[in-house]
Structures are given as structure tokens and as C-alpha cells.
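What follows is a short report on a single structure.
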Amino acid sequence: MTSRVSEPGVLVIFGGTGDLARRKLIPALASLAAGGLLHEAVQVLGISRSREHDDDSYRDLVRRACVDAGRADAIDPARFHFFSMPGGTPEEYQGLADRLGTLRSENELPPRHAFYLALPIAAMGKTIEALGAAGLAHAPDGGWTRIVVEKPFGHDLDSARALVDTTRRHFEETQVYRIDHYLGKETVQNLLAFRFGNAIFESLWNRDRIAAVEIMVAESVGVGDRGDYYDASGALRDMVQNHLAQLLTLVAMEVPPVIGAESVRYEKTKVLRSIAPITSRDVVFGQYAAGTIDGEAVPGYRDETGIDAGSTTETFAALKLEIMNWRWQGVPFYVRTGKRLPRRLTRIGVRFRSSPVCMFEHEGVCHVSSDVLILTLQPDEGFSLHIDVKKPGSLQELQRIPLTFRYRDQFDGLPDAYETLLHDVLEGDQTLFVHSEEVLESWRLLDPILADPPVAHPYKGGTWGPEAAAGWTLGEPALMREGR
């Protein structure tokens, strides 16, 4: 994240009293203010259907959110305002336009508005239409209007296309910030620096030197209180279409001419367009049963609140993908995610090809392990390169050792993803946001699976997924799942 102070303007949060606003957005704004990165003139207008709040009560909510996040007194609550829109009527949107005018006048602000839609997917299209109808989609000269859309970006290809079309009717693509919070994580951004800032790795980043790639997002938790949403979604929609697809594109993309929004998003879209059609042979689904995690018994998926007793929704998905381009032809990409796995872990593994000739045959040693690069995105962020070294005394014994870097050993802390992304919204930097073509291409790939999903194999909570997916790995499960 740059150290530049954001531009002044008004940030409007639809869903301003909701869970995302209280847990993430308000604390992120407080952190930006504490770090001197939020312009002192920026005002925040929270919007909700609730009739129970006014400016004073909303500021109390802001204070509590900051205290809960350890950011007490980091930002002046007087910068927060509230506007009730219980019906979402045209008259209410006109009232919103008037309120924005008042805020600008009182704080001597230019006509700059960022509308953050922290809303359920069903409300996205209607809200975008209403903003456009109220004349709030564009600003006069000297100002700007931006709209921030939270995932999921649709439920399938048709709904995603409809949402994109609705958005395009009122907003230019340069105004739209589709937010995937994984892209705001410092370690995810470091993928670009790691690849393109270190020639030693970029020169090896191809089918001639790499044998396989694995991308894993593991969660130890179950569905919690999201049962109703999750049962209509599943792992493929909830994680693969967005988070994992984004990680895949950053790992596999070509070198852009510059690190900027247009160049980076163009190269990411090219990756998605190069993936071979996914068939049923390329997918394994699973659903967690009762099990044990860290010595504690956990219920099965069908025993969770809000889940139908006969649900077939997948809580685990593993895919084997092939990128049909010059750089990656023939290299398998294993993508996997699941709930109720043994530990929370997001990790990318790259296995390099073995030496073409055994150099230790005269010593009776012909098995030499491939070098493996592990990039850990959370927790214990960092990376490690695992290589073989000779144990002292004899060439007959080789030992795998890691060359390791951890962020915690070098830096005081990492900014929260929402701090980075909110700052970028106010600065007008779309590099870490998802283009509409990325959305459509990822749904295009997954739509055939959604139309004819495979059977979800049961797996015990606290294990690494169903046996049917056991072979779809980097070939280094101990490195991917446990230590460095």
C-alpha cells in the first residue's frame, strides 16, 4: 500500500450497520486515519433500512466497532453520518442525493463519491439501477463517482452476465471496483513482486522448469451461521470462482508491461481464457461428516444449523486444471479448498522438475527429490524453498532443508486487506480489483460443473478431504499441509 494520503470525498456504505461494516470497513477506515492515509476531509455516510439510527446513534456504533477492533480513538466519529432508506424508493434516492450535496457543502468537498455496496447479491442489481436512475452514477467535471461491489459477482454465468450488463448501463468499467478481499492481502500482492522483481524465479516460471502447481485454501471452521447461504452456494461458488481463481491468475499470468490496473487485469483475463474446458474427470467434490479437530468433536455438515438433512452441497472441491498456452502447456494446476480441514491454511506450492540425469549413481543414491517452493499466504505469512543438501560425511545421504523467509521476522505487521482496498478505491487504483471479463470467464469455466455437479464424497471433519482427491496434489503433502 502506498504512503500517499487518499483523495477527499464522501464514502457511502450501503449496509452501513451490517456485519461487514462493523468488523472490517469501519476498523479499516480507522486504521487508515491513524496512519495518516485517510484525508482529513473524507466523510462517511452509512446507509441502512433501519429507522432506529440517526447520526448520534450511528456514531456510537462506530465507536464500538473501533473499540472491538483495538482502534479506539483512531478516527473522529463526527466524520460518520447516517441516512435511512427503508424502502429504497426513488424519493429516498433523491433524498440521498440531497444529503450528499449537504455533506459536500458543509465540508467544502468536491463532487467525489464512492458507493460501497456491502449488500446481499439479490440487492446489488436493484441498487445499481436506482443509483443510475437518481443521477448518482456520474459526477460533474472535477469530480468522480466510483462503485464498490462485494462478491459474489452472480450465482452462475447468466446471473453474472445480467449483473455486469446492469452495471454497464449506468457505470463505466473504470468506475467499478469489484472487491475480492484476497487481492488486498499483502502476501497475495507479494506474488507480483516475488515473480517480477526477482529474475531468478521468473526465468524458471514455465513448463520447462516446473512440473506441477498446487493452490490450497483450507478452513478448519464449518459453515457457522451462514448455513442458509452456504447450502445454496457450496465451495465451488463460495471459494473457487473468486478467491482461488484470482490466486491462479496471479501465479500463471504473463509479465505485464507495467504493474497497473489495465495491464495486470488484461493478463489475468488471458489466463482464464487459456484454461482447457473442465470435465467431470477434472473435479472431485466432498462434504464433511462428523469428526474431530484439535481434540474437539465437530458436527457433520448436514447437522449444522440451516442445512437440509438431505443436502448434497459440496464443502470441498478439488480441480485439476490445464492452461493451454506456451508457458504452461502440460503443467497440471491442482486447486483445492474445503471446510472442516485440520487447519486454516492458504498456500501455493510449486514443484520444479527433477534433474534429467542421476549424478549420484556411483554412491548408490539415485532418488533425488524435486525442489519445491512454498508460498504461505496465511497464517505465518512467508515463503520457503526446499532443496536437498548433502549430510556431512557421505554423499549417500541427502536431506531436504528449507530456505525460509517469514514476514513476522522482518516487519512489524501487515495491513488488513480492507485497508489497502479502501485506500485504493479513494485513490482510483483498480489494480487489485476484478474486471468484468474476469468474472465472466471464471463463471464460463465453472458453469458446466454447476449444471451437472459430481457426487460429493463424505470425509471426516479434521481430515484433508475425500480419498478420491488424495492423488491430486503437488506430490509434497507434508510441505503443503504441515510445516515449511
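The values are calculated or read from the model by the stated rules, or taken from the named source; none is laboratory data. Predicted, not measured: the structure shown is a model, and the values here were computed from it. No Cβ is skipped: glycine too gets one built from the backbone with ideal geometry, and neighbour counts run over all protein chains shown.
Given the criteria modelled with pLDDT of 90 or more, under 25 Å from Y177 (Cβ atoms) and within 24 Å of the chain's Cα centre (by Cα), does F83 qualify? Give the steps one after another, and end with the answer.
On the way: modelled with pLDDT of 90 or more: yes; under 25 Å from Y177 (Cβ atoms): yes; within 24 Å of the chain's Cα centre (by Cα): no.
No; evaluated as a whole, the condition is false for this residue.
Since Y116 meets every condition but one in (1) more than 30 Å from H155 (Cβ to Cβ); (2) buried (at least 19 other Cβ atoms within 10 Å of the Cβ); (3) among the hydroxyl-bearing types (S, T, Y), which condition does it not meet?
(1)
Being touching a strand residue (DSSP E or B) at 6+ places or on another chain (Cβ under 9 Å) and free of Cβ contacts under 8 Å to residues at least 60 places away in the same chain is the filter here, so list the residues in the stretch 262-281 that pass it. Talk me through it step by step, then tell me what you get.
Residues of the stretch 262-281 that are touching a strand residue (DSSP E or B) at 6+ places or on another chain (Cβ under 9 Å), as a first pass: 265, 268, 271, 274-276, 278, 281.
Those that are touching a strand residue (DSSP E or B) at 6+ places or on another chain (Cβ under 9 Å) and free of Cβ contacts under 8 Å to residues at least 60 places away in the same chain: V271, S274, A276, R281.
Scan the stretch 254-266 residue by residue and report those that are touching a helix residue (DSSP H, G or I) at 6+ places or on another chain (Cβ under 9 Å) and more than 19 Å from W443 (Cβ to Cβ).
Of everything in the stretch 254-266, those that are touching a helix residue (DSSP H, G or I) at 6+ places or on another chain (Cβ under 9 Å) and more than 19 Å from W443 (Cβ to Cβ) turn out to be E254, V255, P256, P257, V258, I259, A261, V264.
Would you mind listing the strands (runs of 3 or more DSSP E) fully within the stretch 1-115 where at least 2 residues are in the same structural domain as A134 (by TED's automatic domain parsing), within 26 Å of Q430 (Cα to Cα) and without any contact (Cβ under 8 Å) to a residue 60 or more places away in the chain?
Values: elements: 10-14, 43-48, 80-84.
Once the strands (runs of 3 or more DSSP E) in the stretch 1-115 are filtered for at least 2 residues that are in the same structural domain as A134 (by TED's automatic domain parsing), within 26 Å of Q430 (Cα to Cα) and without any contact (Cβ under 8 Å) to a residue 60 or more places away in the chain, what remains is 43-48.
So, in the stretch 137-158, how many residues would count as being farther than 20 Å from V12 by Cα, touching a residue at least 24 places away in the same chain (Cβ under 8 Å) and not in a loop (DSSP other than H, G, I, E, B)?
1
I'd like the residue in the stretch 1-23 that is touching a helix residue (DSSP H, G or I) at 6+ places or on another chain (Cβ under 6 Å) and closer than 12 Å to T420 by Cα and, out of all such residues, is surrounded by the most Cβ atoms within 10 Å (Cβ to Cβ).
Filtering the stretch 1-23 for residues that are touching a helix residue (DSSP H, G or I) at 6+ places or on another chain (Cβ under 6 Å) and closer than 12 Å to T420 by Cα, the one surrounded by the most Cβ atoms within 10 Å (Cβ to Cβ) comes out as S6.
If only one of V213, V258, V221 is under 18 Å from L192 (Cα atoms), of a type in the set (A, V, I, L, M) and surrounded by fewer than 17 Cβ atoms within 10 Å (Cβ to Cβ), which one is it? Let's see the steps before the verdict.
Details: V213 fails: surrounded by fewer than 17 Cβ atoms within 10 Å (Cβ to Cβ); V221 fails: under 18 Å from L192 (Cα atoms).
Every option except V258 fails the conditions.
Just wondering, is there one or more residues in the stretch 302-319 that are part of a strand (DSSP E or B), surrounded by fewer than 23 Cβ atoms within 10 Å (Cβ to Cβ) and not acidic (D, E)? Break it down stepwise before answering.
Step one: filter the stretch 302-319 for residues part of a strand (DSSP E or B), giving 316-319.
Cutting the leftovers down to surrounded by fewer than 23 Cβ atoms within 10 Å (Cβ to Cβ) gives us none.
Checked the stretch 302-319: no residue is part of a strand (DSSP E or B), surrounded by fewer than 23 Cβ atoms within 10 Å (Cβ to Cβ) and not acidic (D, E).
So which residues in the stretch 11-57 are basic (K, R) and at pLDDT 90 or above? Step through it out loud before you land on a result.
We begin by selecting, within the stretch 11-57, every residue basic (K, R); these are 22-24, 49, 51.
Correct list: R22, R23, K24.
So for the stretch 208-229 (the condition being at pLDDT below 90, under 29 Å from D429 (Cα atoms) and basic (K, R)), does at least one residue qualify?
Quick first cut of the stretch 208-229, residues at pLDDT below 90 only: 223-229.
Retained after the next criterion (residues that are under 29 Å from D429 (Cα atoms)): none.
No, because not a single residue in the stretch 208-229 is at pLDDT below 90, under 29 Å from D429 (Cα atoms) and basic (K, R).
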